[in-house]
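The structure appears below as C-alpha cells.
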Amino acid sequence: VVPVSDIIDVRGRPGLVMEYVPGSSLRDWLRNNSPTLEETLVLFAGIVRGVRAAHRLSIIHRDLKSHNIFIHETFTDSEDASTTSSMRKSGDQSEKMETHSVVVAKIGDWGSARATLSGSRTMTHGVGTACWLAPEVIKHARSSKFSDVYGYGIVLWELATREEVYQGLETTQIIAKVANENLRPPIPQDCPWKDIMVKCW
C-alpha cells in the first residue's frame, strides 16, 4: 500500500498526502513488458500484502484494478551476466556493469475507499470499474472485503495473460453477463496460480 505521509485539510475535507510513485500502472506495464515468473510472483505477493494491510485496518478499496496498481521499478548492480548491461566510465576506459531491475507493486487511487460498515459491507452506488466488479456489487450495490478479493482475482488473470479482460464486450454486456450468466475470464491452464484465481472469483 502506498504509505500515507500526512493528512491535510482540503476545503474542509481530509486529504491524503502520499508517496509519488514514478513509472506506470500495472496495466500499462504489462502491455509493454514480458515479466519473468519471478517478477510476476513478486508483484502477485506485493498486491496481496497491500490488500491484506488495508483489510486489517477495516478499509476496503472498492476499485481494485490493474490501472490503480502502480509499478515502481529500480535498477541495481548485479554480477549476473544474463541481466541487462549498462556502461560505466572508468577513467578513459569503458567497462560493462551488469544491472537488473526490481519491480514493486503499490496500490493507489484510494479515492473510492471506505471504512467497512455493518458487518464489513458498505453501499457502493456505482463505484468500481465493470471488468473488476464482483457480481454482488453489481446486483446489490454493496462492497466488501470479498469484492476487493474478486477484483484481485481479475488482476491475477491479467498477470497470467498480460491481456485486457473481456475484450470485445461493451460495459453493459460485461455487467449483465457477470451478474446473471456467471461470466469470468477464460482460465489459462498453464497458470501456476489458476486455482487461487478461481477461488477469488
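Quick notes
- Residue in the range 29-41 that is at pLDDT 80 or above, open to solvent by less than 30 Å² (accessible area, probe 1.4 Å) and in a loop (DSSP other than H, G, I, E, B) present: yes
- Within the range 1-26, considering residues that are among the hydroxyl-bearing types (Ser, Thr, Tyr) and open to solvent by 70 Å² or more (accessible area, probe 1.4 Å), the one modelled with the highest pLDDT: Tyr20
- In this entry, Ile196 passes the filter for residues that are aliphatic (A, V, I, L, M) and within 29 Å of Ser58 (Cα to Cα).
- Scanning the range 125-160 for residues that are of a type in the set (Ser, Thr, Tyr) and at pLDDT 95 or above yields Tyr150, Tyr152.
The values are calculated or read from the model by the stated rules, or taken from the named source; none is laboratory data. These numbers come from a predicted model, not from an experiment. All accessible areas refer to the heavy atoms of the entire protein, side chains included, with ligands and DNA or RNA removed. Shrake-Rupley method; radii C 1.70, N 1.55, O 1.52, S 1.80 Å.
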